[in-house]
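In what follows, a single structure is set out as structure tokens and then discussed.
The values are calculated or read from the model by the stated rules, or taken from the named source; none is laboratory data. What you see is a predicted model, and the numbers here were worked out from it, not measured in a lab. So basically every Cβ, Gly included, is an ideal-geometry build from the backbone, and we count neighbours across all protein chains shown. For accessibility, only protein heavy atoms count, side chains too; no ligands or nucleic acids. Shrake-Rupley method; radii C 1.70, N 1.55, O 1.52, S 1.80 Å.
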Amino acid sequence: SAVSKNPEVPFSSEAYRISATSRGKELRLTLAPLGPGEPQDLVFRFGMSGSFRLCPVAQLPRHAHLRFLTRESPPRALCFVDARRFGSWRLGDAWQPGRGPCVLSEYQAFRENVLKNLEDKAFDKPICEALLNQKFFNGIGNYLRAEILYRLKIPPFEKARTVLEALKDQEQARRKKNPSLTLSKKLKLMRENPDLLELCHTVPMEVISAEKKLFDPDNSDNYAAFKNWLQCYLVPGMSSLRDRNGRTIWFQGEPGPMAPKGQASRRKRAQMKADPKAPIPKVTIHASKRCPRAAAKPPEPAAAEEEEKVADGPRKGRAPRGRKKATTTPALSKPEVLVKARRSRRTTARTGRGEAGSP
């Protein structure tokens with residue numbers, strides 16, 4: 001489409017076949033001509049809203065940034081749809097460098113890659129933040145990390161290395177105890193007592209192997225099935241906090257020792273509003289300076305999403321310290337006019353004495 005900033009696709013063929021391979025959060029399409037010509041590879045990242053849809057050409061969805069047309073009559077189009085334009089594609093067959101093995105298709109390599117690199121500084125962070133690092137957890141996103149940690153009752157802000165080193169010790173003990181375990185017995189143990197790395201494989205498998213396609217954007221029944229599948233993410237009654245990257249993590253119970261300071265969970269805020277005797281939540285220094293009155297009053301739950309969007313943004317147009325930005329109508333009331341007049345007379349007097357306005 002004309003508004004897409006992604007590269008042009010230098011491919012032309014009267015008839016070709018499309019095949020796809022996925023790895024973690026990336027998808028590779030191969031356009032193979034049925035006649036003469038060279039194949040063309042494209043590697044896609046989906047961002048937050050990217051998806052593929054097959055639809056009649058006469059009913060193209062908005063934001064269909066790349067379209068592959070069928071030869072049937074009437075024709076249909078396979079469209080890469082991305083309303084927010086966070087998705088992208090690159091020419092060639094190379095996966096993005098720096099991404100680790102896929103949690104779905106390369107599980108054993110994924111597991112080994114994590115356990116042999118526990119000295120990496122990525123594991124100095126809370127486990128909820130480490131799970132979004134695609135160098136080690138290629139394929140895990142925001143809702144998956146919440147579901148995985150919830151099932152194991154792991155506090156999201158526990159140190160990642162602490163959680164994962166325990167798995168390494170358990171694995172070594174298991175091997176010493178049962179050195180001749182067959183693959184089928186290993187799989188049975190994994191299903192009965194899954195650890196965090198195993199759930200990184202099995203939880204997303206539940207989504208893609210479900211009887212209903214849980215991510216079909218055109219089918220409201222399927223989306224309802226996805227909401228019913230969720231046990232923690234966006235579920236009423238769960239707590240939530242923003243991690244240091246500004247992403248919201250949903251959880252139950254205590255957040256853990258590395259939780260951000262001065263931040264109350266949304267669920268707890270709602271409870272405080274309902275109970276006037278509840279203790280006032282702590283706030284950050286910046287919040288107190290920016291709006292002293294708001295610091296003592298928890299924000300409205302309905303405004304929680306909006307607060308997330310602006311919390312980490314630049315603070316433009318801030319008034320000088322000591323002055324309040326007007327929030328009423330431009331017309332000044334009589335007391336304000338008198339104050340301004342007094343200030344004007346004082347300034348004039350000082351200027352006459354050389355106290356102000358001198359070079």
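Here are the numbers for this structure:
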| quantity | calculated |
| --- | --- |
| Restricting region 226-248 to residues that are among the small types (Gly, Ala, Ser) and not in a strand (DSSP E or B), the residue that is most open to solvent (accessible area, probe 1.4 Å) | Gly237 |
| Test: residue in region 65-73 that is within 22 Å of Pro97 (Cβ to Cβ) and charged (D, E, K, R) | no |
| The listed residue being outside the structural domain of Lys135 (by the TED database), in a loop (DSSP other than H, G, I, E, B) and open to solvent by 50 Å² or more (accessible area, probe 1.4 Å), out of Pro61, Pro7 | Pro7 |
| Filter result (among the polar types (S, T, N, Q) and part of a strand (DSSP E or B)) within region 44-58 | Ser51 |
| Residues of region 12-60 that turn out to be under 15 Å from Gly139 (Cα atoms) and of a type in the set (Phe, Trp, Tyr), as a count | 2 |
| Residue, surrounded by the fewest Cβ atoms within 10 Å (Cβ to Cβ), within region 65-94, restricted to residues that are among the charged types (D, E, K, R) and outside any loop (DSSP other than H, G, I, E, B) | Arg67 |
| Hey, Ser184 out of contact with any strand residue (DSSP E or B) (no Cβ under 8 Å at 6 or more places or on another chain), modelled with pLDDT of 70 or more and surrounded by fewer than 17 Cβ atoms within 10 Å (Cβ to Cβ) or not | no |
| Filter result (farther than 30 Å from Leu66 by Cβ and touching a Leu at 6+ places or on another chain (Cβ under 7 Å)) within region 90-114 | Arg111, Val114 |
